1. Out of B:VAL75, B:VAL99, B:VAL110, B:VAL79, which single residue is touching a residue at least 40 places away in the same chain (Cβ under 8 Å) and facing chain A (nearest Cβ under 8 Å)?
2. Only residues that are at the interface with chain B (Cβ under 8 Å from one of its Cβ atoms) and either over 17 Å from the mean Cα position of the chain (by Cα) or part of a loop (DSSP other than H, G, I, E, B) (or both): list them for region A:81-94, please.
3. Please indicate, with yes or no, whether at least one residue in region B:41-64 is facing chain A (nearest Cβ under 7 Å) and farther than 20 Å from A:GLY83 by Cβ.
4. Does A:LEU170 fit the bill of being under 17 Å from the mean Cα position of the chain (by Cα) and within 14 Å of chain B (Cβ to nearest Cβ)?
5. Would you point out the residue of region A:129-159, among those that are in a loop (DSSP other than H, G, I, E, B) and among the small types (Gly, Ala, Ser), that is surrounded by the most Cβ atoms within 10 Å (Cβ to Cβ)?
6. So which residues in region A:173-199 are buried (at least 17 other Cβ atoms within 10 Å of the Cβ) and more than 14 Å from chain B (Cβ to nearest Cβ), if there are any at all?
7. Using the structure shown, decide if A:GLU177 is farther than 24 Å from A:GLU41 by Cα and not hydrophobic (A, V, I, L, M, F, W, C).
8. Condition test on A:VAL72, is it over 23 Å from B:PRO95 (Cα atoms) and at pLDDT 90 or above?
Amino acid sequence: MAGSDTVSRASADGGAPDTVKILIAGGFGVGKTTLVGSVSEIRPLRTEEPLTMAGLDVDDLEGVEEKRVTTVAMDFGRITVSGDLVLYLFGTPGQQRFWFMWNDLAHGALGAVVLVDVRRPKSSFAAIDFFERRGIPFVVAVNGFHGEHPYPVEDIREALTLPADVPVLLCDARERESSRDVLIALIDLLIAQAAAAAG
Amino acid sequence: MGGSDPSGRLVRPFTLTGGRTRPSRADFTLITTVTTADPQPETAARPQPEHTRILRLCVRPMAVAELAARLDLPVSVVVIMLCDLLEAGRITVRPPRPVTTPDPDLLQKVREGLGRL
């Protein structure tokens, strides 16, 4: 397994590395797990949480005829960025009714990538709204359909009413380099924000 | 969880946690790293099979989310078992890096690591 031989620092907790995380968000089926898989050093892993209906809003119960166990799946990957620092990428649940889980997920995240499907950009609007409201830094990455990008960045920015300070990139979530560049764009945004905060 | 009967899932995992459904410690996040204590405490009671699986997996440091995925158990269930193991002195834990105030050195390190991909 990649990264297994890179933990070099001896410490009281068995040489465990520092860990940080980035969220990969966006509408259902936009390519979140594809992006995670293209840059992760491990095949994306999945955890599933059982949900009780009590966790859902009343509106979400409409049309639910029987009591059953619902699970929310989260896919995630890992990048060992150095011997003592590991970055985790968490794909957020795409279905809107599971968004109450996002607060937990977002807690302690460096920032987020909002993936946008070039064919239906507005399906990621709610994700953008979530991070804007909470002041969590994010970049928007437009995932092409078969790598095709028919619209310029500015059209997407306008369609999603994004402020000028939110970076918008075109990407192909299937490509490692492209996904990596999206993550780097987010880190560059964070570095710029940290520098601005330091005055 | 594969194709297992969804209605059966809730029963089995929670029998592993002695019927408790809430962790006693909130300090296990998805990316908290767990490492099996070496040596193991001699006085501790014999660990149950699921605990033994955790101890085997965490010989090398492993994040909680990864552990849950490899055990094929919900994170909430794994955390409860980790609380027991921590109380028994069988594991050590490392919380994630706090990111409330962005650390330029940390960000630079991530930037460089991504650049090497």
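The values are calculated or read from the model by the stated rules, or taken from the named source; none is laboratory data. Model, not experiment: these values are computed from the prediction. Positions of Cβ are generated from backbone atoms using ideal geometry, with glycine treated the same way; all protein chains shown enter the neighbour counts.
1. Details: B:VAL99 fails: touching a residue at least 40 places away in the same chain (Cβ under 8 Å); B:VAL110 fails: touching a residue at least 40 places away in the same chain (Cβ under 8 Å); B:VAL79 fails: facing chain A (nearest Cβ under 8 Å).
When all the criteria are applied, what remains is B:VAL75.
2. Step one: list which residues in region A:81-94 are at the interface with chain B (Cβ under 8 Å from one of its Cβ atoms), which gives A:81-82, A:85-88, A:90.
Hits for region A:81-94 are A:VAL81, A:SER82, A:LEU85.
3. Of the residues in region B:41-64, the ones facing chain A (nearest Cβ under 7 Å) are B:60-61, B:63.
Next, only the ones that are farther than 20 Å from A:GLY83 by Cβ stay: none.
No, there is no match, as no residue in region B:41-64 is facing chain A (nearest Cβ under 7 Å) and farther than 20 Å from A:GLY83 by Cβ.
4. Values: under 17 Å from the mean Cα position of the chain (by Cα): yes; within 14 Å of chain B (Cβ to nearest Cβ): no.
The answer is no for A:LEU170.
5. Just the residues of region A:129-159 that are in a loop (DSSP other than H, G, I, E, B), to begin with: A:135-137, A:144, A:146-147, A:149-152.
Pick out the ones that are also among the small types (Gly, Ala, Ser) and you get A:135, A:144, A:147.
Details: A:GLY135: 6, A:GLY144: 20, A:GLY147: 13.
So the residue we want is A:GLY144.
6. A:ALA173 - this is the single residue of region A:173-199 that is buried (at least 17 other Cβ atoms within 10 Å of the Cβ) and more than 14 Å from chain B (Cβ to nearest Cβ).
7. Values: farther than 24 Å from A:GLU41 by Cα: no; not hydrophobic (A, V, I, L, M, F, W, C): yes.
Judged against the criteria, A:GLU177 is not a match.
8. Values: over 23 Å from B:PRO95 (Cα atoms): yes; at pLDDT 90 or above: no.
No, not satisfied.
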